[in-house]
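Engineer: Sharing a structure, written as structure tokens. Questions coming.
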Amino acid sequence: MEWLQKFMYGRHGPDQLSIGLFVLFLILSFVDLFIRGPAYLIIELLTVFIAVLSLWRMFSRNNQKRWDENQKFVTAMQPLSRAFQQLRSRWKDRKTYRYYHCPKCKATLRVPRGRGKICIKCPVCKNEFIKKA
Ligand SMILES: [Zn+2]
């Protein structure tokens, strides 16, 4: 494996954008299985282009430019990543907490489960409402 270390020395290597491109590659490869006709060829070419682009980025020696591209990608994906993290924590807490939206300001509120009917006070707008927790 020393030859690989020597080969990769000074090269950019994998990053979040590479992983994103790989996921897109997998999705398009899967979609490609169900498509026929000219659309198949277009998606096939796109899939190959994405694979080549991903490899080219990993083996690139222009680290500053690849780093800038990756930063733009990470910034653009932040809302999606935040939504995914929120879903994950909601799933983890599903047995101990309930989530409600404030009827006035629509803020998401987390309250402990199994307390019966409770009065929830929104910390954002101070609105109070009654729910079963
Ligand atoms: Zn509120």
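The values are calculated or read from the model by the stated rules, or taken from the named source; none is laboratory data. The shown structure was predicted, so the numbers you read here are calculated from the model rather than taken from an experiment. Please note: Cβ atoms are built from the backbone with ideal geometry, for glycine as well, and neighbour counts cover all protein chains shown.
Quick grid of which residues meet (1) touching a helix residue (DSSP H, G or I) at 6+ places or on another chain (Cβ under 7 Å); (2) at pLDDT below 90; (3) among the polar types (S, T, N, Q); (4) farther than 29 Å from Ser81 by Cβ:
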{"site": "Phe22", "(1), (2), (3), (4)": "yes, no, no, no"}
{"site": "Leu33", "(1), (2), (3), (4)": "no, no, no, no"}
{"site": "Thr47", "(1), (2), (3), (4)": "yes, no, yes, no"}
{"site": "Arg61", "(1), (2), (3), (4)": "no, no, no, no"}
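Engineer: Among Ile118, Ile130, Ile50, which is surrounded by 11 or more Cβ atoms within 10 Å (Cβ to Cβ), among the β-branched types (Val, Ile, Thr) and within 16 Å of the ligand (Cβ to nearest atom)?
Structural biologist: On inspection, the qualifying residue turns out to be Ile118.
Engineer: How about the range 85-101: which of its residues are within 24 Å of the chain's Cα centre (by Cα) and exposed (fewer than 11 other Cβ atoms within 10 Å of the Cβ)?
Structural biologist: Hits for the range 85-101 are Gln85, Leu87, Arg88, Trp91, Lys92.
Engineer: Which one of these does Lys104 not meet: (1) within 16 Å of the ligand (Cβ to nearest atom); (2) in a loop (DSSP other than H, G, I, E, B); (3) loosely packed, with under 11 Cβ neighbours inside 10 Å?
Structural biologist: Among (1) within 16 Å of the ligand (Cβ to nearest atom); (2) in a loop (DSSP other than H, G, I, E, B); (3) loosely packed, with under 11 Cβ neighbours inside 10 Å, Lys104 violates only (3).
Engineer: A follow-up question, please. Can you list residue pairs whose Cβ atoms sit under 7 Å apart, with the first residue in the range 111-133 being under 16 Å from His101 (Cβ atoms) and the second being hydroxyl-bearing (Ser, Thr, Tyr) and more than 9 Å from the ligand (Cβ to nearest atom)? Count only pairs 6 or more apart in sequence or on different chains.
Structural biologist: Listed pairs, sorted by first residue: Val111/Tyr97; Val111/Tyr100; Ile120/Tyr100; Lys131/Tyr100.
Engineer: The conditions are (1) assigned to a helix (DSSP H, G or I); (2) under 22 Å from Lys72 (Cα atoms); (3) of a type in the set (Lys, Arg), and Arg11 fails exactly one of them. Which is it?
Structural biologist: Just one mismatch for Arg11, condition (1).
Engineer: Evaluate the following for Arg57: is it surrounded by 12 or more Cβ atoms within 10 Å (Cβ to Cβ) and more than 16 Å from the ligand (Cβ to nearest atom)?
Structural biologist: yes
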